[in-house]
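Chemist: Please read through the structure below; I'll follow up with questions.
The values are calculated or read from the model by the stated rules, or taken from the named source; none is laboratory data. Predicted model only: the values in this text are computed from it and were never measured. For accessibility, only protein heavy atoms count, side chains too; no ligands or nucleic acids. Shrake-Rupley method; radii C 1.70, N 1.55, O 1.52, S 1.80 Å.
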Amino acid sequence: LKSFFIKKFDNAIVYGTKALFYLRELGFKKKILLAKNISDIEFFKNIHVKKNSYSKKPTFIYCGRLVKHKGIEYLLETFQRFDNSKYELLIAGDGPLKTIVNSKINSRKINATYLGQLNQNILAKVLKKADYFISPSLNDPFSRILSEAIASGCFCISSVYDDASLDLIKKDSGIVFDPKKKNSLFNILSNIFNNQKILRLNRKSY
């Protein structure tokens with residue numbers, strides 16, 4: 001039905017490379033214009049925070065809906081395997097799994113702070129203070145938060161199931177991982193804690 005439907009059109013505009021591949025798989029042979037679904041990245045680039053507000057520990061941030069398909073449970077389970085003294089985790093967003101998040105925090109199973117939903121201005125400042133942005137999503141057509149995190153200077157650890165990863169993650173801006181593979185995120189975090197070679201990026205030149 002999709003293949004039949006798209007034959008009626010002469011052009012298509014898609015939000016990312018994976019969407020372009022999908023249209024081609026459906027048999028769309030006409031012109032496809034590729035766009036990238038990024039946010040107002042200039043706004044995030046131009047936010048400044050005081051240097052002394054940075055944490056000495058590696059600071060990670062998750063920002064998104066607190067729902068199963070965003071991978072929040074997988075994130076919590078992974079951080080739970082590490083000593084709380086090794087990191088700080090910030091969690092921004094809202095959703096039905098908020099109770100689980102707060103339970104893990106209150107029981108000290110993870111060293112995290114729950115920030116709730118944030119407006120754009122506060123989010124930009126929080127992203128500037130974080131070293132790493134993590135997206136453990138199990139399904140995302142093309143998240144805009146990834147472009148915001150990159151523009152803020154975060155090193156991004158992004159799921160292969162977020163279509164934005166293919167277009168936005170480059171060698172100097174992050175790592176793409178598969179949250180469905182055992183220990184994939186755990187191994188990345190272990191490497192950070194053991195040698196910290198990919199700690200905070202040089203924000204000034206980035």
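Chemist: With a 10 Å cut-off between alpha carbons and a GNM built on the chain, which of LYS57, LYS31, LYS129 moves the most?
Modeler: Of LYS57, LYS31, LYS129, the most mobile in the Gaussian network model is LYS31.
Chemist: Another question about this same structure. Would you mind getting the accessible area per residue of the chain, heavy atoms of the protein chains only, 1.4 Å probe, in Å²?
Modeler: 55 Å²
Chemist: What's the carbon and sulfur percent of the range 89-184's accessible surface, probe 1.4 angstrom, rounded to a whole number?
Modeler: Using a 1.4 Å probe with all protein chains present, the range 89-184 comes out at 50 percent carbon and sulfur.
Chemist: Using only helices, what value at 222 nm comes out for the chain when you add -39,500 (n - 2.57) per DSSP H run of length 4 or more and divide by the total residues, to the nearest 500 deg cm²/dmol?
Modeler: That calculation yields -9000 deg cm²/dmol at 222 nm.
Chemist: Among the listed pairs LYS56/LYS98; LYS56/LYS104; LYS109/LYS171, which are separated by more than 29 Å between their Cα atoms?
Modeler: Beyond 29 Å: LYS109/LYS171.
Chemist: For LYS31, go through the lysines and keep the ones whose alpha-carbon is under 20 Å away, minus same-chain ones fewer than eight residues off.
Modeler: Counting by Cα, and skipping residues close in sequence, LYS31 has these lysines nearby: LYS2, LYS7, LYS8, LYS18.
Chemist: Then there's this: By how many nm would the segment from VAL67 to THR113 grow when fully extended, if each residue of separation counts as 0.36 nm and the alpha-carbon distance is taken off?
Modeler: 14.8 nm
Chemist: Expressed in nm to one decimal, what extension gain is obtained for the pair SER85 and ASN191 from 0.36 nm per residue of sequence separation less their Cα-Cα distance?
Modeler: Additional length available on full extension: 36.6 nm.
Chemist: Give the long-range amide H neighbours of PHE177: residues separated by 5 or more places, or on another chain, with amide H under 5 Å away, using H modelled in the peptide plane at 1.01 Å from N.
Modeler: Long-range HN contacts for PHE177: SER158, SER159, VAL160.
Chemist: Cross-link partners among aspartates and glutamates for LYS129, C-alpha distance below 15 Å, same-chain residues fewer than 8 apart left out?
Modeler: GLU88, GLU148
Chemist: Residue by residue, what Karplus-based ³J(HN,Hα) values in Hz, rounded to whole numbers, does the range 102-114 have, using 6.51, -1.76 and 1.60 with θ = phi - 60° and x for Gly and Pro?
Modeler: Along the range 102-114, the couplings run 5, 5, 5, 5, 5, 8, 6, 6, 9, 9, 9, 10, 8 Hz.
Chemist: GLU42 accessible area, nearest 10 Å², 1.4 Å probe?
Modeler: 100 Å²
Chemist: Sticking with this one: Determine ³J(HN,Hα), in whole Hz, for all residues of the range 23-37 in sequence, where each value follows from phi through the Karplus function 6.51 cos²θ - 1.76 cosθ + 1.60 and θ = phi - 60°; x replaces Gly and Pro.
Modeler: For the range 23-37, the Karplus curve yields 4, 5, 5, 7, x, 6, 9, 8, 5, 10, 9, 9, 10, 10, 7 Hz.
Chemist: Now for a different question. Report in % the part of the accessible area of the range 1-60 that belongs to carbon and sulfur, leaving out ligands and nucleic acids; probe 1.4 Å.
Modeler: Accessible surface attributable to carbon and sulfur in the range 1-60 totals 60 percent.
Chemist: Which whole-angstrom value gives the distance between the alpha carbon centres of the range 85-112 and the range 1-56?
Modeler: Cα centroid to Cα centroid, the span is 31 Å.
Chemist: If you don't mind, there's one more thing I want to ask. Based solely on C-alpha atoms, express the radius of gyration and the Dmax of the range 54-100 in angstrom.
Modeler: Cα only, the range 54-100: 11.3, 32 Å (Rg, Dmax).
Chemist: Enumerate the lysines that LYS180 could reach by cross-link, defined here as Cα to Cα under 18 Å, with residues fewer than 8 away along the same chain left out.
Modeler: Reachable lysines: LYS68, LYS70.
Chemist: Starting from the Cα-Cα distance between ILE32 and PHE4, subtract it from 0.36 nm times their residue separation and give me the gain in nm to one decimal.
Modeler: The span from ILE32 to PHE4 would gain 8.4 nm if fully extended.
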